[in-house]
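Each remark here refers to the structure printed beneath this line.
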Amino acid sequence: MDVSATHVGIVDTGANDTHLRIANGTTVRSVGLKSNVSTPQTVELTERDGDLLVDFRAYPAASDVAAAYYKPRIGGQWLPARKYADGSHRNLTFWQGDAAPSGDGFVSVFAGQDLTSDQQPDVYAFKHRFHPDLTVNASVTAENVSVGTQVDVRYAVRNTGDAPAEASDLLVRSGDGPLKSVSIGSIPSGESVSGTATVTVDSTGTLSVVADAGSAVPELDERNNDDRALALDPDLNVTGMTAERANDTITVSATVTNPSGVRATDVAYRLGNGPNVQRYGTVSVLEPNATRTVNVSLPAAEADPAYTTRFEVTPNETDGDASDDTASRYLFRPDLALGEGQVGYYRTDGVVRASMLVSNEGLANATAEIEVRNASTGSLVASRNVTVAGSDSSQTTAFTEATVGLPGVSSGSRVETLVTAPGETALSDNVVVDEVELNTTLVPPSGDISASRSAPTVNESVQFTITNVTDADGRAVHTQWRVANTSAVDTGSLNWTGRSPGNHTVELVVVDDDGITSIVTRTVLVRPERPDVVLGSQAPRDLDRDGRFRDVDGDGTLTRNDVRTFFESYRNGSVRDNRFAFDFNRDDERIDILDVQALHADNEESSDERDEQ
């Protein structure tokens, strides 16, 4: 027997002529069965999506066969959910028993049989429950809304379900969280409730309305419970783009700002340079009036100077102007310049010569042509080609010195000097017109470099400072630091951090007002960090701060035991991974027996010195 609210299904399993009888309050329906009737099993209604669940709604007034969904349980397993009139993968065929309204839905009883087997009909009892279903529409009617504006949010909540919806809460929220809660009374099926809520727009620029925010109503479907009322857009601008070169890698840096009052969520960007370079990424959340630098690295070999480099963010305008979403410039072409004061004239061996300083703000080296012409007639006086070094950064300038002999030119002549290079970005600053004034002395400037540390370790900062800069026949007008892919222009000092052990050359280029250049150099030893390896009693030590850790056993002195310990361990991977620290023969190659021999010689020399004392 199986029972529902208004139906009863009865099977007499002991009778010879077995029937299934399904009864309600007024009628009885009988279905003939064979012997050995199978046991009635559970049936479950479904109300949500899932692997075994589907949405359902029943309309008992529309048909005697209600369009409900079920999951039958057979042999301890729940079958996939189906409409009962459709059968199942087990070839179940069903006979409707009867259906009658209940207080919150309707109930039905019916039987089912697998027509492809000897399975006997089972009795199924359904109880169908009606549910409310809330939907919401929201809007803001005010114009020219901005962050900080107080607005009225209009809302309309409708119950599209089959049952009344109890009282619930409506929530107005921004992208950062709740702003205001409104109590909503009960809503009959098919009815609506509307109203307004006054809130202030915050920096997220978004307002949404959520019906039944506390999940107090047992709805048929909660996926339609919210609606967007307002969505202000930020206005990101790309305000600049630079690039730097380090060995074989170029890093392009784009500056992105958010001048609007609205927080910008993640925005996609694209960096392009010709057909072979396309890089994509995301500018993460950017607060109002904030600035972000986006760095994109690419192999220098992929950069094509024939194309502009373009950085752009996904259009996000509030003002309708997309032009500020993009920055485009030639980054990988030379950009030469020759300005006033960068050409000096002197006579040697009876010929006037022009000494000039050619600057290059581009990242590319260039084979430049220098032409000097008579400024009055335009006739060519002299020309030559010179290789002009590229800069390490599009924000700094590299300088190359060049000298051109000027036959037939004398003091007082007016000459025009032009420097050009193929594919150059601009030519407007490449020409100088001078009246030749001979400087007979042309003493080059001089200077010195001091360092805050004589032998810093790897990743330890050292400051280089210009000292004793002089120019006997004028003044120094320009300086440039160069060390290990780092450069700086016209600064009295340079802070630098060595990333690899070894000797590094620091160059200071000093240029005087005659265009004469001197290059001052200083070698700085960057010592490796103490090796993280113990070969004796302690980690090895650098006794004389030359970057070589000859005290291999770490006992504080150089002895034969250090030679013996090193001989036993020089093939170890941990030793060879610290090549500079144990490169005692200074051949800059892998650690081998020659380094053992060099350590032995150093120990012998140290022993002789101790004997003499």
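The values are calculated or read from the model by the stated rules, or taken from the named source; none is laboratory data. Worth saying up front: this structure is predicted, and the values here are computed from it rather than measured. Cβ: placed from backbone, ideal geometry, glycine included. Neighbour counts: every protein chain shown. Quick note on the areas: whole protein, heavy atoms, side chains included, nothing else; ligands and nucleic acids left out. Shrake-Rupley method; radii C 1.70, N 1.55, O 1.52, S 1.80 Å.
Here is how the numbers come out for the structure above:
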read-out	value
Of residues in region 248-262 being under 22 Å from THR396 (Cβ atoms) and out of contact with any helix residue (DSSP H, G or I) (no Cβ under 8 Å at 6 or more places or on another chain), the one surrounded by the fewest Cβ atoms within 10 Å (Cβ to Cβ)	THR251
Members of region 263-290 that are open to solvent by less than 30 Å² (accessible area, probe 1.4 Å), of a type in the set (Gly, Ala, Ser), in contact (Cβ under 8 Å) with a residue 24 or more places away in the chain and part of a strand (DSSP E or B)	ALA264, GLY272
Residues within region 133-149 that are hydroxyl-bearing (Ser, Thr, Tyr) and crowded, with 18+ Cβ neighbours inside 10 Å, tallied	1
Residue ranges of strands (runs of 3 or more DSSP E) in region 402-484 with at least 3 members in contact (Cβ under 8 Å) with a residue 40 or more places away in the chain and within 24 Å of SER383 (Cα to Cα)	414-420, 431-435
Residue in region 537-550 that is farther than 30 Å from GLN597 by Cα and aliphatic (A, V, I, L, M) present	no
Matching residues, region 167-180, being part of a strand (DSSP E or B), open to solvent by 30 Å² or more (accessible area, probe 1.4 Å) and more than 16 Å from ASN137 (Cα to Cα)	PRO178, LEU179, LYS180
Selection within region 501-515 - in a loop (DSSP other than H, G, I, E, B) and either modelled with pLDDT under 90 or more than 37 Å from the chain's Cα centre (by Cα) (or both)	ASP513, ASP514, GLY515
Matching residues in region 150-166 - criterion: being open to solvent by 40 Å² or more (accessible area, probe 1.4 Å) and assigned to a loop (DSSP other than H, G, I, E, B)	THR160, ASP162, PRO164, GLU166
Criterion (more than 43 Å from the chain's Cα centre (by Cα) and more than 30 Å from VAL404 (Cβ to Cβ)) met by exactly one of SER569, SER518, SER574	SER569
Members of region 542-575 found to be open to solvent by 40 Å² or more (accessible area, probe 1.4 Å) and within 25 Å of ASN503 (Cβ to Cβ), listed by number	LEU543, ASP544, ARG545, SER574
Candidates ARG270, ARG228, ARG245, filtered to the one that is basic (Lys, Arg), in contact with a Leu (Cβ under 8 Å, 6 or more places away or on another chain) and farther than 30 Å from GLN150 by Cα	ARG245
Single residue of VAL526, VAL534, VAL511 found to be within 30 Å of HIS600 (Cα to Cα) and touching a Pro at 6+ places or on another chain (Cβ under 8 Å)	VAL526
Unique match (being under 38 Å from the mean Cα position of the chain (by Cα), under 23 Å from THR265 (Cβ atoms) and surrounded by 15 or more Cβ atoms within 10 Å (Cβ to Cβ)) among ALA211, ALA229	ALA229
Any strands (runs of 3 or more DSSP E) falling wholly within region 340-401 and containing at least 2 residues that are of a type in the set (D, E, K, R) and open to solvent by 40 Å² or more (accessible area, probe 1.4 Å)	366-374
Residues satisfying the stated conditions in region 450-475, i.e. within 39 Å of the chain's Cα centre (by Cα), among the hydrophobic types (A, V, I, L, M, F, W, C) and buried (at least 18 other Cβ atoms within 10 Å of the Cβ)	VAL462, PHE464
Residue that is most open to solvent (accessible area, probe 1.4 Å), among those in region 402-422 that are hydrophobic (A, V, I, L, M, F, W, C) and closer than 17 Å to GLY341 by Cα	LEU418
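Yes/no per residue for (1) in contact with an Asp or Glu (Cβ under 9 Å, 6 or more places away or on another chain); (2) surrounded by fewer than 19 Cβ atoms within 10 Å (Cβ to Cβ):
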{"residue": "VAL477", "(1), (2)": "yes, yes"}
{"residue": "SER487", "(1), (2)": "yes, no"}
{"residue": "THR491", "(1), (2)": "no, yes"}
{"residue": "VAL506", "(1), (2)": "no, no"}
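Residue-wise test of (1) at pLDDT 85 or above; (2) within 18 Å of the chain's Cα centre (by Cα); (3) within 16 Å of SER394 (Cβ to Cβ); (4) not in a loop (DSSP other than H, G, I, E, B).
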| residue | (1), (2), (3), (4) |
| --- | --- |
| ARG292 | yes, yes, no, yes |
| ALA301 | yes, no, no, yes |
| GLU312 | yes, yes, no, yes |
| ALA327 | yes, no, yes, yes |
| ARG333 | yes, no, yes, no |
